[in-house]
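In what follows, a structure is listed as structure tokens, so that the remarks can point back to it.
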Amino acid sequence: MANQEIARRRTFAIIAHPDAGKTSLTEKLLLFGGQIQVAGAVKSNKIKKTATSDWMDIEKQRGISVTTSVMEFDYHDYKINILDTPGHQDFAEDTYRTLTAVDSVIIVVDGAKGVESQTRKLMEVCRMRNTPVIIFVNKMDREAKDPFDLLDELEEELVINVRPLTWPIESGPRFKGVYNIYEQKLNLFQPSKQVVTEKVEVDIHTEDLDNHIGTPLAEKLRSELELIDGVYPEFNVDDYLKGELAPVFFGSALNNFGVQELLDCFVEIAPSPRPVQAEEREVQPEEPKFTGFVFKITANIDPNHRSCVAFCKVCSGKFTRNTPYLHVRHNKTMRFSSPTQFMAQRKTTVDEAWAGDIIGLPDNGTFKIGDTLTEGELLHFKGLPSFSPEMFKYIENADPMKTKQLNKGIDQLMDEGVAQLFVNQFNGRKIIGTVGQLQFEVIQYRLENEYNAKCRWEPLSLYKACWIESDDPAELEAFKKRKYQYMAKDRDGRDVFLADSGYVLQMAQMDFKHIKFHFTSEF
């Protein structure tokens, strides 16, 4: 029973550059899962108001995702967990952490723009973990690059072998549909943003194909399919599962082209939950005892209750409601009376969850990203670092009457991993470090709207924040005295050196040979 439950789990992240149409694809996948009724309630990213995965007010206003949304639904015999990640590079850290909690990834690529910088960086993270990748080339209903050129670009830019499993017939206004190479069927679609269109199945080797798309296009399709068989290797599921081969699908998420083909093939070939590496040992999903780790914390999913939710990836065994589990960092036992599963902001209480599932646990400050829950074993899961920020500002209270609200807001948002908080040891001022400018705007907006607190930013010119440690206490003390103005503590009380230029950092590394400078918090 346990092995059957685990085998039907599929947990994956959707990653993309902001303009690739990721949200439209998420919406359509949810549609096939019976979660939303209208396929095309949304016309474009600019005016998107109702994307299921974008539940924060600021996401609805800006038409961007600023946090990873977790959604689950049943499809045929499978239980699907989607993690819809932010596409904007300013929120890349949230996406990196999310990739530690999934077994596979769908990358969305714009058919006209091809591979963009953000996608390249995220692919590097997938390669580090050998995560299986499927590529969906979107927006084929608009003028797109030649499909063979796109495949060459994908191989070159993402450094992975590719194999098309569907093939487009033209693009833009001439787009006729996709041929499903995997099932050897042709699916012709009528563009419609409002409804899921019916598909017509045609045998490609008969004149029926010519009747549907015309003889010139039929001949072109047959010759292209021959070329694919000659150039690209046969699709091998094992190579895909090792992260060495990426199947490629073409379609238009907004018009519902090619999405069902992607989903049907995905549930068949995508991996069920995979082993997870802990510091002590490798944890197998089929193990009878429950283990899990917190990879994300979200504040104010329900603004009326100011509640935080810790998202826990179940790594092995079965999680049961109201059962005592060990919180490894605190070394104390906890019970959860209302664990939840999510459809973005909507949540339902669950009694049990299996390896591969993602559950929300109510959090009143007990959890930090990376925390482990077990049935008693002392395990520590790795791979959830904070990265050295690239932009810094002092955060000041703009309304002294709301000091308590501001402090609570900063604490909860930092718990989420939205940004990092440092306290300058020289003047005691709080410094917020982020990866991008947009994060400052999101923090200010959320403090005001979710915590009723106002902040103002003061500029601070810094180059990098480095965590420092040394086996030589005397040298460490000498360094901290010399760099007193640039020393800070992070929220865990660790020493952080705030270098104001690359030259200063380089000189510090040369002058203090026994001090280690770390650019991620995991050391």
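Yes or no, residue by residue, for (1) closer than 28 Å to Asn397 by Cβ; (2) assigned to a loop (DSSP other than H, G, I, E, B):
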| position | (1), (2) |
| --- | --- |
| Arg456 | yes, no |
| Leu462 | yes, yes |
| Ala465 | yes, no |
| Glu469 | no, no |
| Glu475 | no, no |
| Lys481 | no, no |
| Phe497 | yes, no |
| Leu505 | no, no |
| Met510 | no, no |
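In region 449-469, how many are farther than 21 Å from Tyr503 by Cα, touching a strand residue (DSSP E or B) at 6+ places or on another chain (Cβ under 8 Å) and modelled with pLDDT under 90?
Going through region 449-469 one residue at a time, the tally reaches 1.
Consider region 386-417. How many of its residues are in contact with a Phe, Trp or Tyr (Cβ under 8 Å, 6 or more places away or on another chain) and part of a loop (DSSP other than H, G, I, E, B)?
Within region 386-417, residues that are in contact with a Phe, Trp or Tyr (Cβ under 8 Å, 6 or more places away or on another chain) and part of a loop (DSSP other than H, G, I, E, B) number 1.
I'd like the full set of residues that are within 21 Å of the chain's Cα centre (by Cα) and not in a strand (DSSP E or B), limited to region 420-440.
Scanning region 420-440 gives Val435, Gly436, Gln437, Leu438, Gln439, Phe440.
So which residues in region 242-257 are in contact with a strand residue (DSSP E or B) (Cβ under 9 Å, 6 or more places away or on another chain), farther than 21 Å from Pro132 by Cβ and open to solvent by less than 10 Å² (accessible area, probe 1.4 Å)? Steps first, please.
The first filter runs over region 242-257 and keeps only residues in contact with a strand residue (DSSP E or B) (Cβ under 9 Å, 6 or more places away or on another chain), leaving 243-254, 257.
Checking which are farther than 21 Å from Pro132 by Cβ leaves us with 252, 254, 257.
The answer is Ser252, Phe257.
Taking Pro473 as the residue in question, decide whether it is of a type outside the set (Gly, Ala, Ser), under 17 Å from Phe422 (Cβ atoms) and open to solvent by 30 Å² or more (accessible area, probe 1.4 Å).
Judged against the criteria, Pro473 is not a match.
Return the total of residues in region 420-444 being crowded, with 21+ Cβ neighbours inside 10 Å and in contact with a strand residue (DSSP E or B) (Cβ under 6 Å, 6 or more places away or on another chain).
Count: 6.
Strands (runs of 3 or more DSSP E) wholly in region 112-226 with at least 2 residues that are touching a Leu at 6+ places or on another chain (Cβ under 9 Å) and at pLDDT 85 or above - which ones?
Numbers: elements: 133-138, 161-164, 166-169, 177-180, 185-188, 200-202.
Per the criteria, 133-138, 161-164, 166-169.
Which condition does Leu498 not pass, out of (1) among the hydrophobic types (A, V, I, L, M, F, W, C); (2) touching a Leu at 6+ places or on another chain (Cβ under 6 Å); (3) farther than 30 Å from Glu279 by Cβ, if it passes all the others?
For Leu498, the exception is condition (3).
Just to be sure, is Gly417 modelled with pLDDT under 85, surrounded by fewer than 20 Cβ atoms within 10 Å (Cβ to Cβ) and within 28 Å of Phe311 (Cβ to Cβ)? First the steps, then the outcome.
Working: modelled with pLDDT under 85: yes; surrounded by fewer than 20 Cβ atoms within 10 Å (Cβ to Cβ): no; within 28 Å of Phe311 (Cβ to Cβ): yes.
Taking the combined requirement at face value, the residue does not satisfy it.
Given the structure, is Tyr486 open to solvent by 10 Å² or more (accessible area, probe 1.4 Å), modelled with pLDDT under 90 and of a type in the set (Ser, Thr, Tyr)?
Details: open to solvent by 10 Å² or more (accessible area, probe 1.4 Å): yes; modelled with pLDDT under 90: no; of a type in the set (Ser, Thr, Tyr): yes.
Considered against the rule, which asks whether it is open to solvent by 10 Å² or more (accessible area, probe 1.4 Å), modelled with pLDDT under 90 and of a type in the set (Ser, Thr, Tyr), Tyr486 comes out as no.
For Gln260, only one of the following conditions fails: (1) at pLDDT below 90; (2) open to solvent by 20 Å² or more (accessible area, probe 1.4 Å); (3) outside any helix (DSSP H, G or I). What is its number?
(3)
Can you find a residue in region 342-361 that is open to solvent by 10 Å² or more (accessible area, probe 1.4 Å), part of a loop (DSSP other than H, G, I, E, B), among the small types (Gly, Ala, Ser) and more than 25 Å from Asn3 (Cβ to Cβ)?
No.
Would you confirm whether or not region 229-241 contains a residue that is open to solvent by less than 10 Å² (accessible area, probe 1.4 Å), within 17 Å of Ile106 (Cα to Cα) and not in a helix (DSSP H, G or I)? Step through it out loud before you land on a result.
Of all residues in region 229-241, those open to solvent by less than 10 Å² (accessible area, probe 1.4 Å) come to 240.
Keeping just the survivors that are within 17 Å of Ile106 (Cα to Cα) gives 240.
Filter again for not in a helix (DSSP H, G or I), leaving none.
Within region 229-241, none of the residues are open to solvent by less than 10 Å² (accessible area, probe 1.4 Å), within 17 Å of Ile106 (Cα to Cα) and not in a helix (DSSP H, G or I).
Listed residues Ala453, Ala465; which is under 23 Å from Gly365 (Cβ atoms), touching a Gly at 6+ places or on another chain (Cβ under 8 Å), surrounded by 16 or more Cβ atoms within 10 Å (Cβ to Cβ) and of a type in the set (A, V, I, L, M, F, W, C)? Walk me through how you get there before you give the answer.
On the way: Ala465 fails: under 23 Å from Gly365 (Cβ atoms).
Unique residue meeting the criteria: Ala453.
Among (1) among the acidic types (Asp, Glu); (2) open to solvent by 30 Å² or more (accessible area, probe 1.4 Å); (3) in contact (Cβ under 8 Å) with a residue 12 or more places away in the chain, there is one condition Glu282 misses while meeting the rest; what is its number?
(3)
Look at region 390-402 and say how many of its residues are open to solvent by less than 60 Å² (accessible area, probe 1.4 Å) and either over 16 Å from Tyr445 (Cβ atoms) or free of Cβ contacts under 8 Å to residues at least 60 places away in the same chain (or both). Give the derivation first.
First, pick out the residues of region 390-402 that are open to solvent by less than 60 Å² (accessible area, probe 1.4 Å): 392-399, 402.
Pick out the ones that are also either over 16 Å from Tyr445 (Cβ atoms) or free of Cβ contacts under 8 Å to residues at least 60 places away in the same chain (or both) and you get 392, 394, 396-399, 402.
The number of residues fulfilling the criteria is 7.
The values are calculated or read from the model by the stated rules, or taken from the named source; none is laboratory data. Just so it is clear, the structure is predicted and the values come from calculations on it, not from any experiment. Note: ideal-geometry Cβ built from the backbone for every residue, glycine included; neighbour counts use all protein chains shown. For the accessible areas, the whole protein counts, side chains as well, though only heavy atoms, and no ligand, DNA or RNA atoms are used. Shrake-Rupley method; radii C 1.70, N 1.55, O 1.52, S 1.80 Å.
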